[in-house]
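Reviewing the structure listed below.
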Amino acid sequence: MENQLTHQQRQAFKRIELISLWEGRSNTTHLMKSLGLGRGTASTLMNEYKELCANNLSYNNQNKGYEPTESFVARYSSGLLDDYLSLELINAATVQRLGSSHQHPNPAHVRPIIQAIQRQQRLDIRYASLTNPEGEERIISPHTLINDGHRWHVRAWCEKSDDYRDFVLSRIRNVFGYEGVAARSREQDERWNTQVEFSIEPDQRFSEAQKQLIALDYGMTLNTQGKYQRHYQVRGALVMYWFQHLRIDRYRESPEAQQIILSPESRIAVQPWLPT
């Protein structure tokens, strides 16, 4: 049967699985919108998926859609958050990527976060940290998912901290439920909405020929002072992630290990946006 599936079936089944896992509900409307199908065709494809994967979905009359069961097993998709986001079904402004991720968040914890972002809701969670590995309860108002190149985070207003914070998705131990309308939004997040500029250049310990090679690697160009540089404009809340991504968050002993550095004129400009 697997080899006999049409392209349309494979695309539909993939969406059913990814939408169910990460949004918590799928129905024929999702297929109609994402694949441009008529209601009859979308309904047929949904029924075909249910026949093939009878234990994956359960219909919820109140939500008018199919929800993933506890025994859900992805069969026609990877089931990964990255693949769900590649479908571009949610507002692009709510996702920021610096690279791919080595971490695969738990759908059961991410589903309510995505829903809270879409509905602008407060969320009650238990979050573990290095200072409190067992976790503590927090009320957050999430607004954006962030991939820093290694881990997934959610940017949110934290009522305990009385400030905006980034929460690592894998450290969310429990999601207890919604707590009403979001306390703060993305528009009020000053560090998120402020653009910060900085430049990188080859490590000054290299020879001129070596600097030219590094410049090619990182897409640098010569400035008016004859120095190779590349300029970045990023959100203030993401400055440290960019430094880690570029490996300029610390100074290394050898130029071969360092390769690039933050340009001297940028150091003062970025200082307010770095951890204290």
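A compact table of results
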quantity: Residues (in a loop (DSSP other than H, G, I, E, B) and at pLDDT below 75) located in region 81-106; calculated: GLY99, SER100, SER101, HIS102, GLN103
quantity: Selection from region 112-141 of residues that are surrounded by 15 or more Cβ atoms within 10 Å (Cβ to Cβ) and part of a strand (DSSP E or B); calculated: GLN121, ARG122, LEU123, ASP124, ILE125, ARG126, TYR127, ARG138, ILE139, ILE140, SER141
quantity: Answer residue from region 42-74, given it is surrounded by 15 or more Cβ atoms within 10 Å (Cβ to Cβ) and among the acidic types (Asp, Glu) and is nearest to the chain's Cα centre (by Cα) among those; calculated: GLU67
quantity: Sole exception among (1) under 29 Å from the mean Cα position of the chain (by Cα); (2) without any contact (Cβ under 8 Å) to a residue 60 or more places away in the chain; (3) part of a helix (DSSP H, G or I) for LYS211, by number; calculated: (1)
quantity: Hey, MET220 surrounded by 15 or more Cβ atoms within 10 Å (Cβ to Cβ) and over 16 Å from LEU98 (Cβ atoms) or not; calculated: yes
quantity: Count of residues meeting criterion [in a helix (DSSP H, G or I) and touching a residue at least 40 places away in the same chain (Cβ under 8 Å)] in region 218-262; calculated: 11
quantity: Among the candidates ASN47, ASN61, ASN3, residue that is out of contact with any strand residue (DSSP E or B) (no Cβ under 9 Å at 6 or more places or on another chain) and modelled with pLDDT under 90; calculated: ASN3
quantity: Test: residue in region 64-76 that is closer than 17 Å to LEU21 by Cβ, charged (D, E, K, R) and in a loop (DSSP other than H, G, I, E, B); calculated: yes
quantity: Subset of region 240-260 [at pLDDT below 95 and among the aliphatic types (A, V, I, L, M)]; calculated: MET240, LEU246, ILE248, ALA257
quantity: Unmet criterion (only one of (1) over 19 Å from ALA182 (Cβ atoms); (2) free of Cβ contacts under 8 Å to residues at least 60 places away in the same chain; (3) not hydroxyl-bearing (Ser, Thr, Tyr)) for LEU89; calculated: (2)
quantity: Residue in region 25-38 that is among the hydrophobic types (A, V, I, L, M, F, W, C), closer than 18 Å to ASP82 by Cα, part of a helix (DSSP H, G or I) and within 28 Å of the chain's Cα centre (by Cα) present; calculated: no
quantity: Criterion violated by ILE139 - all others in (1) among the β-branched types (Val, Ile, Thr); (2) more than 24 Å from PRO68 (Cα to Cα); (3) touching a helix residue (DSSP H, G or I) at 6+ places or on another chain (Cβ under 9 Å) satisfied; calculated: (3)
quantity: Residue satisfying condition, being out of contact with any strand residue (DSSP E or B) (no Cβ under 6 Å at 6 or more places or on another chain) and crowded, with 19+ Cβ neighbours inside 10 Å, within set GLN210, GLN259; calculated: GLN259
quantity: Residue match in region 244-256 (condition: hydroxyl-bearing (Ser, Thr, Tyr) and under 27 Å from the mean Cα position of the chain (by Cα)); calculated: no
quantity: Those residues of region 75-94 which are crowded, with 17+ Cβ neighbours inside 10 Å and β-branched (Val, Ile, Thr), in sequence order; calculated: THR94
quantity: Filter result (among the aliphatic types (A, V, I, L, M) and closer than 26 Å to GLU136 by Cβ) within region 174-210; calculated: VAL175, VAL181, ALA182, ALA183
quantity: Any chance ARG230 is surrounded by 11 or more Cβ atoms within 10 Å (Cβ to Cβ) and touching a Lys or Arg at 6+ places or on another chain (Cβ under 9 Å); calculated: no
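The values are calculated or read from the model by the stated rules, or taken from the named source; none is laboratory data. Nothing here was measured: the structure is a model prediction, and the numbers come from that model. Glycine also receives a Cβ, built like all others from the backbone with ideal geometry; neighbour counts cover every protein chain displayed.
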